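Please treat every number below as a calculation from the coordinates, not as lab data. As the structure is a computational prediction, the values presented were derived from the model and not from experiment. Cβ coordinates were reconstructed from backbone atoms using ideal geometry, including for glycine residues, and neighbour counts include every protein chain displayed.
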Amino acid sequence: MKSKPSKKKSSPALKNGLPGPEVHGLRELPGLQVDGYSLQLRDKDGFVGDQASQTAFRELLERWRKRRRKEGRDPLGLSHSRNLSKKELDHALQAKKASEAADVMHGAIEEFAEELAYVIQRFTRQPSWQKVERIVIGGGFPESDVGERAILQASAILEEMGVHVQLGRLSHNVDDGGLIGWVHLTPPEMLKGHDAILAVDIGGTNIRCGIVKTRHRKARDFSLAKVVRRVKWRHADDDPNRGSIVEHIAEMLEDMVRYSERKKIRLAPFIGIGCPGLIRRDGSISRGAQNLPGDWESDAFHLPSEVWRRMPMIGSGPTLVLMHNDAVVQGLSELPFMREVKHWGVLTIGTGLGNASFTNLP
């Protein structure tokens with residue numbers, strides 16, 4: 001189903017039906033300031049953050065396995081580490097008695113924890129991160145036992161290094177944080193008379209699309225916001241180009257609209273898209289989208305407009321499509337639970353390492 005353009009006039013938030021200028025990637029929100037995001041630090045080995053991604057962990061694990069292969073049998077089998085599921089890795093780690101597989105896992109986890117602690121130390125030396133008191137860890141890695149153990153070890157290492165910062169996990173399901181955060185970025189006037197919004201979370205491996213019920217009548221701080229339907233596409237398995245990704249995103253959104261109509265969920269005419277990289281205020285991407293297939297930083301590519309052309313109307317109103325950095329959006333999902341901390345940050349450990357830092361304002 002493709003939404004058809006309407007003859008109704010556009011709202012003031014739109015210009016010629018398309019998202020107006022200077023509305024994407026906002027840094028100042030009511031009671032909150034985004035101090036920085038998509039921070040890219042370099043050392044002799046390249047981008048510092050790349051050393052603490054899920055990709056980096058699997059490369060570390062593969063190196064540990066290669067050492068064992070030289071001595072004899074690989075305790076984790078024949079599959080390359082990048083192809084092992086989180087369930088398989090957790091199973092190797094959870095062996096009831098000492099085993100070669102568990103030894104390899106522990107070695108890789110300890111080395112990765114050291115890398116993660118080093119990255120966090122480097123971040124906290126930057127102006128936008130210097131005052132950070134608490135860091136929420138999101139992304140696909142922390143949901144596994146392997147990831148949780150690595151984070152606990154990194155926390156202990158940071159204390160030994162004299163970096164006093166708390167590490168914690170997302171309050172929401174790891175697949176939901178990058179969707180729920182959009183309730184804090186939706187123009188309040190668009191929520192009146194509506195139950196929910198549409199949100200998209202684009203990652204280097206997966207794309208998630210969902211319906212987020214704001215539940216703002218029950219909790220004005222959006223602490224009860226909830227994803228009521230979500231689909232996930234592991235695009236990395238399909239090796240798509242940029243155009244087919246845009247097409248698939250539109251199809252996922254259209255399916256959500258049909259579902260909402262069947263369930264009588266009143267959707268606001270709004271779509272929020274979280275995407276890796278530094279998002280300009282006009283909705284284009286200046287840098288940091290290197291883990292996505294194709295050139296997402298091209299001056300000729302504008303994702304919000306591409307999505308809007310497929311879905312110019314939701315319900316009876318013209319659609320507003322906004323884009324922001326995916327780590328910022330995931331961090332915003334934690335906003336109601338961070339009120340007692342003035343300076344805080346988020347790291348998303350996925351295909352790459354997303355990052356954002358915030359200051360709560362009076």
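Overview of values
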quantity	calculated
Matching residues, the range 149-167, being surrounded by 16 or more Cβ atoms within 10 Å (Cβ to Cβ) and either under 28 Å from Leu322 (Cβ atoms) or touching a strand residue (DSSP E or B) at 6+ places or on another chain (Cβ under 8 Å) (or both)	Ile151, Ala154, Ser155, Leu158, Val165, Leu167
Filter result (surrounded by fewer than 16 Cβ atoms within 10 Å (Cβ to Cβ) and either polar (S, T, N, Q) or outside any loop (DSSP other than H, G, I, E, B) (or both)) within the range 257-269	Arg258, Tyr259, Glu261, Arg262, Lys263
Residues of the range 21-74 satisfying the condition of being assigned to a helix (DSSP H, G or I) and over 23 Å from Thr351 (Cα atoms)	Arg67, Arg68, Arg69, Lys70, Glu71
Residue in the range 164-173 that is without any contact (Cβ under 8 Å) to a residue 60 or more places away in the chain, of a type in the set (A, V, I, L, M, F, W, C) and either more than 25 Å from Leu253 (Cβ to Cβ) or in contact with a helix residue (DSSP H, G or I) (Cβ under 9 Å, 6 or more places away or on another chain) (or both) present	yes
Ala327 vs. criteria under 18 Å from the mean Cα position of the chain (by Cα) and without any contact (Cβ under 8 Å) to a residue 40 or more places away in the chain	no
Flag if Asp237 is surrounded by fewer than 17 Cβ atoms within 10 Å (Cβ to Cβ) and either within 20 Å of the chain's Cα centre (by Cα) or of a type outside the set (D, E, K, R) (or both)	yes
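Residues checked against (1) crowded, with 21+ Cβ neighbours inside 10 Å; (2) assigned to a strand (DSSP E or B); (3) touching a Phe, Trp or Tyr at 6+ places or on another chain (Cβ under 9 Å):
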{"site": "His248", "(1), (2), (3)": "no, no, yes"}
{"site": "Asp255", "(1), (2), (3)": "no, no, no"}
{"site": "Ile271", "(1), (2), (3)": "yes, yes, yes"}
{"site": "Asp282", "(1), (2), (3)": "no, no, no"}
{"site": "Gly294", "(1), (2), (3)": "no, no, yes"}
{"site": "His324", "(1), (2), (3)": "yes, yes, yes"}
{"site": "Pro336", "(1), (2), (3)": "no, no, yes"}
